[in-house]
Ligand code: PEP
Ligand code: MG
């Protein structure tokens, strides 16, 4: 006995047992069919039918692929309703009802499961249908389609038969049909005559008997149950299983089965079928958009055999502009469809993707669902719908994904172009967007070639500050080693440059100036194209499409909506006045990190920087520092000015020293000459500076503690720059940040030096301005003792790059070596240098915030590690109560969106809790 549960839900125009809210139970398709048919505001012409629930799918699998006792009666009762609504009977030889049997999971899984059409056509019902339709050809065409689909889906796939590639029953039947077409010299299926189709059906059945050892079923009931079973079986078909894995769809969701009266768009010139969107999905324009075919079935529209015609003027394109639109060809039906799509969009309050069929001048709606759209369309639709009063600002913010917004910010490989070609290698996606250029293998070549007007991609084992001139000249950077926070990644992202790192399947031969990836060899000068958003490397020059930000009014309007919703501030990581200005244009509200060591990359400055590093005596160091001071001051003036009174965090020197010293012999010699010392002396000094673990070495505040004159020089440059601007009536708000702090005593030591200089400069210049002295929280110990550190530090900024490195013990520069394995084997869910590890590192962050604010309740707290530009991590930062996130200039728009989404999500959870 069964449980007496309801497993079957009927629908038909004006009435439905389910509704649109029952997606989990009826699947997306079933719920929307019920909503369209039965909702009092819609009551649309939907062919009647019924949905068997997803629960039944699970029952079927849990009970040895059997249905409960009550199922038969429920299906029979539902079929009766369909019969009474259509006035036809299933299996009736005189006027047969035909049905479709389709899948429909909670979330759309396009093409991953099975469908059977024209179920109910048998030897007995064929003649009745011919009499009714007076169209023998149409009936035999429907029959041959049923035989092809059914034998493939029900008799072969659902039975678990796995024929060799290309030897499946469908393929075999297709070859029989192709042979006949060839014999008759036909170019299209539509040329086959009624008697030819009839004889094909007979041949098909013979072949099925021979290959599958079973007769094609000639009973309507048997066909129906075969179809239902096959759709449930297809939930566990190979395609569906792998799609679920990729999309993270749980196995226990199951699929529903929709059985629905067939309507035919292929009953002659007064019939048609089509697909449409309530707005243009390519650009978001608020214009009804779609395609249709006269005298065709749904599968013909997507099959691409005939060119579909535009449904109206605004859907016309180059390749279909001469075809008759539905608007012109069937004006009355077009008007009816137009009104329906408007009502659907108003009802669902989102752009819809709809399917319709016209059978003998009667319009039927077969499907509606939220329409998929690209980035520009998502943004335009969201902005327009707020203006139209259709959705709230909060809803608009949730309608655009960060990835869709990202599409607008960088050049992309022309999508159609990218689809046709396979990557030669894959690495970590360190700098988004796409770029193409000729491969070069040294920074000098990159600079030289670019100088000569060539577009280049710099390919290196890994990069160092030595390479920055070449990195800057190149269109993109590709490295074999390194992780998401390695040198190349940080620098490229800061410039908004396309970059792929940790691409360990390429093998660079520096001598020959070439690299290999599998069987492909790329020589110097050969074109390659990078997709830095996906991490894909392609051979050759692919076509790129450029973004247009300045004149993109929709984008600015959308970001303004985000700003009105978010509470988290967005700052930027910028080391140069130009970058600060770009970030301001993108909407940054201050600088969260200015890495002062990056300011010394320029060829005019690196020499003084090296002198400072190499200096053995206080005098030598002071002299080098004196040389650096004016450069620093000039840059600080530029940055403070660009930020117009917004806070600017300037971090004291934090160079892993080795990054600034040359490795190659010839370069060392050059440096010795520049410094005016013998090479041997330089080598001895470098030997002394050599560290086994430079990332854990003499860096950050440790430098400023051993050499207080460095901190003094930098503090002076910052405060003098600020004072000079104040004298010129420019508002400033510098915040001086001490890096790599692990103890309160370290912080105290540096704080006192900085404070003294600040007071001295203000006094000497006779000005006063607001400023703060604070610290990075990047060492686990700093987070653990944050209450103590906050007794001195006036602000915290989380350096999650180092904090991730030190919490996991993974080298941020070398993780590329094993990360792909870790991701594939699911040791890690994602790259922890890209998305904050909330479970571990996240605990340290939350603890540090709580402890810091226990000492200093108004402590300003932000994040300046690379995670500050990652949407998931930004949401986490909002949740734990940070004041701002800071990211590279080109990520600022994404951060504005993610911060707004975080606000909406938190509000939703709070509201839900309150309701409970
Ligand atoms: C960090 O460690 O997260 C940080 C921002 O500093 P850097 O990347 O310069 O070490
Ligand atoms: Mg750091």
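I'd like the distance between the alpha-carbon centres of the stretch 179-239 and the stretch 485-535, rounded to an integer number of Å.
51
Can you put 527, 495 in order, fewest other beta carbons within 10 Å first? Walk me through the intermediate numbers first.
Numbers: 527 17, 495 20.
If I rank by nearby Cβ atoms, fewest first, I get 527, 495.
Compute the acute angle (0 to 90°) between the alpha-carbon long axis of helix 123-133 and the principal axis of greatest extent of the alpha-carbon atoms of the chain; round to the nearest 10°.
Rounded to the nearest ten degrees, it is 90.
Could you tell me how many degrees, from 0 to 90 and to the nearest 10, lie between the Cα long axis of helix 23-38 and the main elongation axis, the longest principal axis, of the Cα atoms of the chain?
Around 60 degrees separate the two axes.
At a Förster radius of 25 Å, what calculated FRET efficiency corresponds to the Cβ-Cβ distance of residue 84 and residue 361, to the nearest 0.05? Could the numbers behind the result be given before it?
Details: r = 23 Å, r/R0 = 0.93.
In this case the efficiency is close to 0.60.
Stretched out fully, how many nm does the piece from residue 905 to residue 65 gain, at 0.36 nm a residue minus the Cα gap?
Numbers: separation 840, 0.36 × 840 = 302.40 nm, distance 4.04 nm.
Stretched out fully, the residue 905 to residue 65 stretch lengthens by 298.4 nm.
Percent relative contact order of the chain, based on C-alpha pairs within less than 8 angstrom and at least six residues apart?
Working: 1883 pairs, mean separation 78.8, N = 916.
It rounds to 9 percent for the chain.
Take each of the peptides 96-102, 477-483, average the number of other beta-carbon atoms within 10 Å over its residues, and list them starting from the highest. The partial results should precede the final answer.
Working: 96-102: 24.0, 477-483: 27.4.
Result, highest mean first: 477-483, 96-102.
Taking only C-alpha pairs under 8 Å that are 6+ residues apart, what is the relative contact order of the stretch 439-493 in percent? List each step's numbers first, then the result.
Working: 90 pairs, mean separation 18.6, N = 55.
Relative contact order of the stretch 439-493: 34 percent.
What span do the alpha-carbon atoms of the stretch 443-501 cover on each of the three principal axes, reported in whole Å from largest to smallest?
Principal extents (largest minus smallest coordinate, Cα): 31, 20, 16 Å.
Out of all DSSP beta bridges in the chain, what portion is antiparallel? Express it as a percent rounded to 5. Mind showing how you got there, number by number?
Details: 66 of 104 bridges.
That works out to approximately 65 percent antiparallel.
If each of residue 696 and residue 915 carries a label point 7 Å out from its Cα toward its Cβ, how far apart are those two points in nm?
5.1
Sorting check: for 893-903, 250-260, 722-732, 403-413, which peptide has the highest mean count of neighbouring beta carbons within 10 Å, and how do the rest follow? All intermediate terms of the calculation are to be shown ahead of the outcome.
Details: 893-903: 25.6, 250-260: 21.8, 722-732: 16.8, 403-413: 20.0.
The peptides rank, most packed first, as 893-903, 250-260, 403-413, 722-732.
Would you mind pulling out the separation of the Cα centroids of the stretch 246-299 and the stretch 311-347, in Å?
Centre-to-centre distance over Cα atoms comes out at 14 Å.
Test of understanding: extend the Cα→C-beta vector of residue 184 to 7 Å, then name every residue of the stretch 104-129 with backbone N under 19 Å from that spot.
none
Beyond 36 Å, how much of the Cα-Cα pair distribution for the chain remains, as a whole percent? Please list the in-between numbers first.
Working: 246455 of 419070 pairs.
Across the chain, Cα pairs with separations above 36 Å total 59 percent.
So what is the orientation-averaged projected area of the stretch 694-844, using the convex hull of its C-alpha atoms, in nm²? Don't jump to the answer; show the numbers that get you there.
Values: hull surface 41.3 nm².
It is 10.3 nm².
Just report the Cα centroid separation between the stretch 837-893 and the stretch 765-796, whole Å.
15
Any chance you could run the full-extension gain for residue 210 through residue 759? It's 0.36 nm times the residue separation minus the Cα-Cα distance, nm to one decimal. Could you put the intermediate results ahead of the total?
Details: separation 549, 0.36 × 549 = 197.64 nm, distance 9.66 nm.
So the extension gain works out to 188.0 nm.
Taking 41 Å as R0, compute the FRET efficiency from the Cβ-Cβ separation of residue 307 and residue 130 and round it to 0.05. Don't skip to the answer; put the middle values down first.
On the way: r = 31 Å, r/R0 = 0.75.
Calculated transfer efficiency: 0.85.
Hey, fewest Cβ within 10 Å first, where do 695, 148 land in order?
Details: 695 15, 148 20.
So the residues, fewest neighbours to most, are 695, 148.
Quick one: order 317, 608 by neighbouring beta-carbon count within 10 Å, fewest to most.
Sorted ascending by nearby Cβ count, the order is 317, 608.
Antiparallel DSSP bridges in the stretch 410-541: what percent, to the nearest 5?
Working: 22 of 32 bridges.
If I count the DSSP bridges inside the stretch 410-541, around 70 percent turn out antiparallel.
Calculate how steeply helix 238-247 sits against the longest principal axis of the alpha-carbon atoms of the chain, using the helix alpha-carbon long axis, and give the answer as 0 to 90 degrees to the nearest 10.
For 238-247 against the chain, the angle is about 30 degrees.
On the Cα set of the stretch 789-901, report Rg and Dmax in Å, please.
Taking only Cα atoms of the stretch 789-901, I get Rg and Dmax of 14.5, 44 Å.
When the chain is fully extended, how far beyond the present Cα-Cα distance does residue 511 get from residue 403, taking 0.36 nm per residue of separation? Don't skip to the answer; put the middle values down first.
Numbers: separation 108, 0.36 × 108 = 38.88 nm, distance 3.93 nm.
Working it through step by step, the gained length comes to 34.9 nm.
Calculate for the chain the 222 nm mean residue ellipticity that helices alone would give, adding -39,500 (n - 2.57) per DSSP H run of length 4 or more and normalising by residue count, nearest 500 deg cm²/dmol. Intermediate results must be reported in sequence, preceding the final value.
Working: 35 runs with 413 residues, N = 916.
Roughly -14000 deg cm²/dmol at 222 nm, from the helical runs in the chain.
Over the stretch 575-724, what is the mean sequence separation of C-alpha contacts under 8 Å (at least six apart), divided by residue count, expressed as relative contact order in percent? The partial results should precede the final answer.
On the way: 160 pairs, mean separation 47.0, N = 150.
Computed over the stretch 575-724, the figure is 31 percent.
Which FRET efficiency value, to the nearest 0.05, do you get for residue 619 and residue 393 by plugging their Cβ-Cβ distance into 1/(1 + (r/R0)^6) with R0 = 60 Å?
Values: r = 62 Å, r/R0 = 1.03.
Using R0 = 60 Å, I get an efficiency of 0.45.
Throw me the Rg/Rh for the stretch 375-504, computed over C-alpha atoms with Kirkwood Rh, two decimals. Before the final figure, lay out the partial values.
Numbers: Rg = 18.1 Å, Rh = 16.3 Å.
Rg/Rh: 1.11.
Just so you know, all these numbers are worked out from the coordinates, no wet-lab data involved. Quick caveat, the model's predicted, so the values are computed rather than measured. Cβ atoms come from the backbone with ideal geometry, glycine included; neighbour counts cover every protein chain shown.
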